[in-house]
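Input: a single structure, listed below in structure tokens.
The values are calculated or read from the model by the stated rules, or taken from the named source; none is laboratory data. Treat the numbers as computed from the prediction; the structure is a model and nothing was measured. Cβ placement follows ideal geometry from the backbone for every residue including glycine, while neighbour counts extend to all protein chains displayed.
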Amino acid sequence: MRFKKSLLGALAVGIFLPVIVLAAMSSTNYYIYADSLDFGGGLGTSTDNNLQGSIGGEVSPGISTSTSYQVNAGFQAMVRGALSLNLSSNNIDFGSMNTVGTVVSSATNATVDTDSATGYTLSVDNVSGDFLAAVTDGVVDGAGGSGEEYGLAVSGNHADYAGDAAVVNNLILSHFNLPVTSDVTNLTFKAVRGSSSVAKTYNQSISLTAAANP
């Protein structure tokens with residue numbers, strides 16, 4: 001019997017927040033990231049390009065910093081934050097599960113970098129395919145239900161839960177509310193075969209998403 005699970009490559013999301021957000025203006029219906037005092041310009045488009053420009057109003061543009069703040073002055077100096085997500089491996093394989101009641105595991109590391117002032121949240125975005133029965137008691141040990149169980153444990157400085165959780169859509173794996181550099185979350189997938197488990201090859205695809213916090 002061969003039980004196999006695949007973890008697909010994750011996507012770095014495009015929800016990037018500004019590094020400095022204190023000057024932002026918002027309500028329930030709009031969000032103005034930054035404004036500009038000028039007497040011309042605007043948004044110009046063509047088939048291949050978008051151009052945002054301004055005429056006038058650029059007083060002392062550029063970046064000024066100190067130990068406690070950063071000011072990006074001028075229309076052209078305004079920048080968004082960046083966020084990236086990398087997996088040490090995008091394939092999880094339990095191999096052949098020949099022994100009833102024996103827990104097998106396989107792991108990968110998810111590394112997040114972001115300069116977003118609000119930090120990030122790493123979560124399961126989508127799950128498809130089939131696998132063994134999901135863990136319900138917080139521990140993949142074969143003790144629950146029919147004896148077969150499957151789940152995911154997380155560890156790291158900002159892991160969101162302890163124990164083993166069912167792999168489901170929108171499961172939050174880790175989060176932090178400040179910028180991070182090489183913030184690693186270890187993802188350990190676990191499974192155990194029960195006496196009534198159906199003999200076949202199991203496959204599951206999972207998408208992970210790292211998003212800047214609002």
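The listed residues are 128, 195, 116, and the only one of them that is surrounded by 15 or more Cβ atoms within 10 Å (Cβ to Cβ) and of a type in the set (Ser, Thr, Tyr) turns out to be 116. Applying the condition of being hydrophobic (A, V, I, L, M, F, W, C) and surrounded by 21 or more Cβ atoms within 10 Å (Cβ to Cβ) to segment 147-164 and asking which residue is nearest to residue 88 (Cα to Cα) yields 154.
Just one residue in the set 125, 164, 137 is more than 16 Å from residue 197 (Cβ to Cβ) and free of Cβ contacts under 8 Å to residues at least 24 places away in the same chain; that residue is 137.
Please determine whether any residue of segment 70-86 is assigned to a loop (DSSP other than H, G, I, E, B), within 23 Å of residue 186 (Cβ to Cβ), modelled with pLDDT of 90 or more and not hydrophobic (A, V, I, L, M, F, W, C).
First, the residues of segment 70-86 that are assigned to a loop (DSSP other than H, G, I, E, B): 74, 78-79, 81-82.
When the remaining residues are screened for being within 23 Å of residue 186 (Cβ to Cβ), the result is none.
Within segment 70-86, not a single residue is assigned to a loop (DSSP other than H, G, I, E, B), within 23 Å of residue 186 (Cβ to Cβ), modelled with pLDDT of 90 or more and not hydrophobic (A, V, I, L, M, F, W, C).
Within segment 183-205, the set of residues being at pLDDT 95 or above and of a type in the set (Ser, Thr, Tyr) comprises 185, 188.
Of the numbered criteria (1) free of Cβ contacts under 8 Å to residues at least 24 places away in the same chain; (2) closer than 17 Å to residue 88 by Cβ, the one residue 184 fails is (1). In the condition set (1) within 12 Å of the chain's Cα centre (by Cα); (2) surrounded by 14 or more Cβ atoms within 10 Å (Cβ to Cβ); (3) assigned to a loop (DSSP other than H, G, I, E, B), residue 110 is compliant with all but (3).
If you go through segment 140-156 and keep only what is at pLDDT 95 or above and either among the aliphatic types (A, V, I, L, M) or outside any strand (DSSP E or B) (or both), you end up with 152, 153, 154, 156. The conditions are (1) surrounded by 16 or more Cβ atoms within 10 Å (Cβ to Cβ); (2) not in a strand (DSSP E or B), and residue 137 fails exactly one of them. Which is it? Failing condition for residue 137: (1).
Residues in segment 181-190 include none that are surrounded by fewer than 18 Cβ atoms within 10 Å (Cβ to Cβ) and in a loop (DSSP other than H, G, I, E, B). Screening residue 205 against (1) of a type in the set (Ser, Thr, Tyr); (2) part of a strand (DSSP E or B); (3) within 23 Å of residue 114 (Cα to Cα) leaves a single unmet condition, (3).
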